[in-house]
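Below: one structure, written as structure tokens.
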Amino acid sequence: TMLSEPFISSPAVLTGIPTYRNKMPLSLRVRNVKPRTFDAKLDSWEYQHTPKLANPDTLAYLILPYGSYTWGGVKAEAGKALVGNSSCTEIVFAEPFNEVPVVIANQVTDNDMAATAVRVFDVTCKGFKVKLQYEAKATPSEGDETIHYLAATTGTGLLGDKEIRVGRTPDYVVTDNLDGGYTIDFGISYANLPHVFGAMQTMNDTITSTLRMKSRSVSSATIIKDREKSASHSRVTPEQMGWIVIGHTRTSPVLNLSNQECLFDEPIHDSSGKAVYVNNTEKHSVYIVGGNHKGIKLLKK
């Protein structure tokens, strides 16, 4: 995906929960994040032997500079960290939060090109733990990978003319597809389908799993915990999930923007994959929210 005008330096790229049109376990990978471009793909597990993805799954993405933010009633921090391949890593926030935030994260390098799941757990006001999980039959190489993360307090705020809502589910509720998953009620009906982000906040089992969005409406989304099946088909343990929803309300406000507020949000590509022009005049005060389109560049292994 290419931006018409680059950021001053490489930004944080956060991806949403992929849809579930391809009914197979899939991972997600971002790489080559630069001031003007980044690549993203839905990644198959090694045991699947590079299957053909017959259906166009979509996902949201959020691009913003690293740092701390206040979006109305939501406090947030965007950052990056090195994560070891073989053990969990503890991430400390630049400044502690006054309450436990929701944390979403994704891998943005492929020093080891094997598919992974990024598992967030043990979130506190001061930081969180994260672990790269590989399929059961894979042996990860030694070395580190980079993740991008966004930590945000629960509540409601504004990003430009969009509303942002942050929340978390109860523990032990996000189940697999056999149980139907868990339906999140946004508490509002948006004017159109919103962008949905999320991550498991617990590690109630050690089975390598990702989140998929089974269905979505203007007021809710049903999320499943989808495991890889290279060595077993045993059922997963339900988890707690943190979620972030960004969308247009039916009464979009007009904001007086300052250097601490976002300037715009536009899809980077339209439905045909054609680039949409994006002005980055405020440099480090720009957030781009995109998704619900087919402009994701698929990478080959």
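The values are calculated or read from the model by the stated rules, or taken from the named source; none is laboratory data. The model shown is predicted, which means the values in this text are computed figures rather than measured ones. Note that each Cβ is placed from the backbone with ideal geometry, even for glycine, and that neighbours are counted across all protein chains shown. Only protein heavy atoms, including side chains, enter the accessible area calculation; ligands, DNA and RNA are left aside. Shrake-Rupley method; radii C 1.70, N 1.55, O 1.52, S 1.80 Å.
Of the residues contained in region 156-165, none is found to be buried (at least 20 other Cβ atoms within 10 Å of the Cβ), in a loop (DSSP other than H, G, I, E, B) and under 18 Å from the mean Cα position of the chain (by Cα).
Exactly one residue out of Tyr149, Tyr134 is at pLDDT 95 or above, hydroxyl-bearing (Ser, Thr, Tyr) and surrounded by 19 or more Cβ atoms within 10 Å (Cβ to Cβ): that is Tyr149.
Residue pairs whose Cβ atoms lie under 6 Å apart, separated by 6 or more positions or on different chains, with the first residue in region 81-107 and touching a residue at least 12 places away in the same chain (Cβ under 8 Å) and the second open to solvent by 80 Å² or more (accessible area, probe 1.4 Å) and in a loop (DSSP other than H, G, I, E, B), are Pro96/Lys126. The set of residues in region 60-90 being farther than 17 Å from Val120 by Cβ and open to solvent by less than 30 Å² (accessible area, probe 1.4 Å) consists of Ala60, Tyr61, Ile63, Leu64, Pro65, Gly67, Tyr69, Trp71, Val74.
I'd like to verify a number: residues in region 174-219 that are open to solvent by 30 Å² or more (accessible area, probe 1.4 Å) and either over 22 Å from Trp45 (Cα atoms) or of a type outside the set (Lys, Arg) (or both), how many? Going through region 174-219 one residue at a time, the tally reaches 21.
Restricting attention to region 179-214, the residues being free of Cβ contacts under 8 Å to residues at least 60 places away in the same chain, polar (S, T, N, Q) and assigned to a strand (DSSP E or B) number 1. Within region 156-201, can you find the residues that are closer than 24 Å to Cys125 by Cα and of a type in the set (Lys, Arg)? Scanning region 156-201 gives Arg165, Arg168.
So for region 228-236 (the condition being in contact (Cβ under 8 Å) with a residue 24 or more places away in the chain and under 18 Å from Arg168 (Cα atoms)), does at least one residue qualify? Within region 228-236, not a single residue is in contact (Cβ under 8 Å) with a residue 24 or more places away in the chain and under 18 Å from Arg168 (Cα atoms). If you go through region 22-37 and keep only what is out of contact with any strand residue (DSSP E or B) (no Cβ under 9 Å at 6 or more places or on another chain) and under 12 Å from Pro6 (Cβ atoms), you end up with Lys34, Pro35. Does His293 count as farther than 20 Å from Thr154 by Cβ, open to solvent by less than 50 Å² (accessible area, probe 1.4 Å) and modelled with pLDDT under 95? Taking the combined requirement at face value, the residue satisfies it. The residue list Asn85, Asn98, Asn111 contains one member that is farther than 21 Å from Pro140 by Cα and more than 17 Å from the chain's Cα centre (by Cα), which is Asn98.
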